[in-house]
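I have placed the structure first, in the form of structure tokens, so that the comments after it can refer back to it.
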Amino acid sequence: MSNARMMTDMRTAQQTEERLPISDRSSQRVPQLRGAVFLSLALQDAEAATRICHALRAAGIEVWLYTSGLRGGDAWDQEIRRQIRDCALFIPVISQHTQERLEGYFRLEWKLAVERSRQMATERPFLVPVVIDATHSKDAIVPDEFRAVQWTRLPAGNTPPSFVERVQRLLSPVTSTTTRMPANAVSGVLPATGEPIRVSRWSKPALFAIGAVLAVALSYVIAEKFWSSTHIRETTPVLSAASTTAASVATAPFSPPPHSIAVLPFVNLSGDPSQQYFSDGLTEELLNSLTRIDELQVAGRTSSFSFEGEHPDIAAVARKLNVASVLEGSVRRSGNTIRVTAQLDDAVTGFHLWSQTYDRDTGDILKLQSDIANAVAGALKVKLLGDVSAKIEIGGTHDPAAFDAYLRGSKAFSSGTHDAKALQTAIAAYAEAIRLDPNYALAFAGRSRAYSGYALEFATGSAIRDGFQEGQVDARHAITLAPELAEGHLALAFFQAGSFDFRQASDEFERALALAPGNAEILGESGRFAVYMGHFDGGVTALRRAVSLDPLNPRSYDLLTQGLILSRRYQEVVAAATDVITLDADYRSAYGLRGLADYELGEFERARASCDAKPDYWISQQCLAVTYEKLGRHADAEAQLAKIKAALGDSASYQYATIYAQWGNVPKALEWLDTAVRVRDPGLVFLKTDPLLDPLRPERRFHAIERELKFPD
């Protein structure tokens, strides 16, 4: 029986039972299902058990699971006895709830399973206990037979591929982790196996090279002050960068978090290609709206938009982005009237969950976003905390023309973070939105980011300070208009980091993350800054979380690459930078960062080759300057330094200091650091953790500069 059919029958049974009076339930029709695996649980653990069930079913394993609040009677008793008699594996879900309840239907199931295990002639494991919280076996009230076998911890039901693979091995007549057990083998005799559960032994570089899986959510608990555990929500394991390759997508187990979603670009049905920015912008606003819902994990914009125009298969999208559901739709705009059709599908089961068509005035966009977000949350049975509509409408506008200008600005900004002209276009469009609605907080936050981005990437001389100052004014105004706007706090954090107010920047990054913990961009930027400040473990954890939310976005991996090189994890840098290049062969910084990692590993010729691939980018030039010196090519090293000085002047003082430090010219390096402080070079944000400055760290003048910059502990 197919998984879809099984789940359909189960839902029908649950709905039927809910309609029956209690006196009639003992005679109701029971779905005649057979499962390779029987999941036994206390009803309070239904959500966690469902996660386990989804993970196993996604791997092609038939599972019997019943989570209705009312069950019992002769029909259910007989059916459960049959299921336990015929199943190949019995998985009791153990928790504090099972310990608090000395009676309950699950205890009858446990008793029946123990009786069957005693009767089995084979040594093949039949009992596979799992624990979903902190309950310990020595304290648990369970049958002795449960204690005699190995327990597996699946916190909150989050199920790693290693557990799924173990179940597959136990069910399969051959040693295989990819072959689905035939339906007729459920009650057959299987070979015995005494294999313990194995944790994946991928090396760190392999996590990126072959699509391995990140650690489950509890590994995200962070001791450092800047990264408290409240900032990073629990999630099930997710595929890393190499999951984008065809081979890894085809073979990796699909076990998405149950409350995870991707929002595909809504199709522009306006008949006018120039209106594409509007449908794209509305999609992005819907995506951002969903990230503000607690307990909902939303795939990042870049990854979701990578499928634009492809008419992709929903199951393929879900697998690539590791999400359990996909939202898609269309937009038809005519003047100030729009028609939006949205549809939500369960990517694991293939079930259609919800759809709706909305006819609205463009001035009612905020209400439209709230309606769709609430409908999605309802369909996914996400617990809503507080007024979701109020969260979604923070910082928005009811002015159609202002909204239109804001979308044009967002389109330019999202496509031009490495393009000066695009950033200037974004600034102008945001300014138009602000002119039309002076209370449009999101537009102020957007313009602030564009100002700061331009100052950091392209401005020289006094224009750097001016750009950051303009960004500050806009960021503070956005927060004044909407104190709970995460984008406003993120924008202010950028200004404060660029102006060396690192303590305040830490607070603002922290505030932005608290307001939008599921926003991939905020996670990435906050994680990178945490690494700048020396919080390596917490920062890299957040950066990996950002990658998991936006796995097809080269910038996610670029930020991770930056965090890894400052954390001195050079082998991982090489792998992460290679992932960037795989996703975008023209992403210039990746070549330079990979080259610098090879340089630190002593692979100087390999470093030269990587940096020489994009020789006109400043990171590559910095890399070549230090690498040529190690290779004995002193004239070439001097030429590279001269090239940077000719292009950037004193605005690259920090980079000159790193080059002289690596050349062994400590006095010259300290001299350029003094210049960097004087001209307020934004590169000084790296000073606390930059490995290129390690030769200067014993120097008294270096310590004085570090104290002057007032880095937080």
request  = Might you let me know whether the stretch 476-486 holds any residue that is crowded, with 23+ Cβ neighbours inside 10 Å and either more than 26 Å from GLU393 (Cα to Cα) or among the hydroxyl-bearing types (Ser, Thr, Tyr) (or both)?
outcome  = no
query = All but one of (1) modelled with pLDDT under 90; (2) within 24 Å of ALA505 (Cβ to Cβ) hold for ALA445; which doesn't?
reply = (1)
key: Residue within the stretch 349-362 that is among the charged types (D, E, K, R) and in contact with a His (Cβ under 9 Å, 6 or more places away or on another chain) present   = no
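Given ILE91, ILE80, which one is modelled with pLDDT of 75 or more, in a helix (DSSP H, G or I) and hydrophobic (A, V, I, L, M, F, W, C)?
ILE80
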message = I'm checking my understanding of the structure. Among residues of the stretch 332-363 that are buried (at least 17 other Cβ atoms within 10 Å of the Cβ) and under 17 Å from LEU407 (Cα atoms), which one is modelled with the lowest pLDDT?
response = THR362
task = Within the stretch 692-702, identify whether any single residue is touching a Phe, Trp or Tyr at 6+ places or on another chain (Cβ under 8 Å) and of a type in the set (Lys, Arg), and answer yes or no.
result = no
Criterion violated by ASN439 - all others in (1) assigned to a helix (DSSP H, G or I); (2) free of Cβ contacts under 8 Å to residues at least 60 places away in the same chain; (3) among the polar types (S, T, N, Q) satisfied = (1)
task = List the number of the failed condition for ARG700; all other conditions in (1) over 28 Å from ARG465 (Cα atoms); (2) crowded, with 22+ Cβ neighbours inside 10 Å hold.
result = (2)
key: Which listed residue is over 23 Å from LYS320 (Cβ atoms), in contact with a helix residue (DSSP H, G or I) (Cβ under 7 Å, 6 or more places away or on another chain), of a type in the set (D, E, K, R) and not assigned by TED's automatic domain parsing to the domain that holds LEU601, from GLU487, GLU572   = GLU487
inquiry  = Looking only at the stretch 462-475, count every residue that is among the polar types (S, T, N, Q) and buried (at least 18 other Cβ atoms within 10 Å of the Cβ) and tell me the total.
reply    = 1
message = Kindly evaluate TYR656 against the criterion of being under 17 Å from ARG701 (Cβ atoms) and outside any loop (DSSP other than H, G, I, E, B).
response = yes
key: Filter result (under 16 Å from GLY649 (Cα atoms) and more than 31 Å from the chain's Cα centre (by Cα)) within the stretch 612-624   = ASP616, GLN621, GLN622
note = Expected output for the stretch 461-474 (first residue at pLDDT 85 or above, partner charged (D, E, K, R), Cβ below 6 Å, 6+ apart or cross-chain) is ASP474/ARG447
ask   = Does the stretch 303-319 hold any residues that are in contact with a strand residue (DSSP E or B) (Cβ under 8 Å, 6 or more places away or on another chain) and not polar (S, T, N, Q), and which are they?
value = ILE314, VAL317, ALA318
query = Only one residue in ALA642, ALA657, ALA652, ALA647 is more than 38 Å from the chain's Cα centre (by Cα) and either among the aliphatic types (A, V, I, L, M) or assigned by TED's automatic domain parsing to the domain that holds ASP690 (or both). Which one?
reply = ALA642
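To keep it simple, each residue is scored yes or no on (1) at pLDDT below 95; (2) closer than 23 Å to LEU559 by Cα; (3) small (Gly, Ala, Ser).
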residue: THR582; (1), (2), (3): yes, yes, no
residue: ARG594; (1), (2), (3): no, yes, no
residue: TYR599; (1), (2), (3): no, yes, no
residue: GLU605; (1), (2), (3): no, no, no
residue: ARG608; (1), (2), (3): no, yes, no
residue: TRP618; (1), (2), (3): yes, yes, no
residue: LEU624; (1), (2), (3): no, yes, no
note = When the stretch 264-283 is checked residue by residue, the ones that are in a helix (DSSP H, G or I) and crowded, with 21+ Cβ neighbours inside 10 Å are PHE278, SER279, ASP280, GLY281, LEU282, THR283
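The values are calculated or read from the model by the stated rules, or taken from the named source; none is laboratory data. Just so we're clear, the structure is a prediction, and the values are computed from it rather than from any experiment. Note that we place each Cβ from the backbone using ideal geometry, even for glycine, and neighbour counts take in every protein chain shown.
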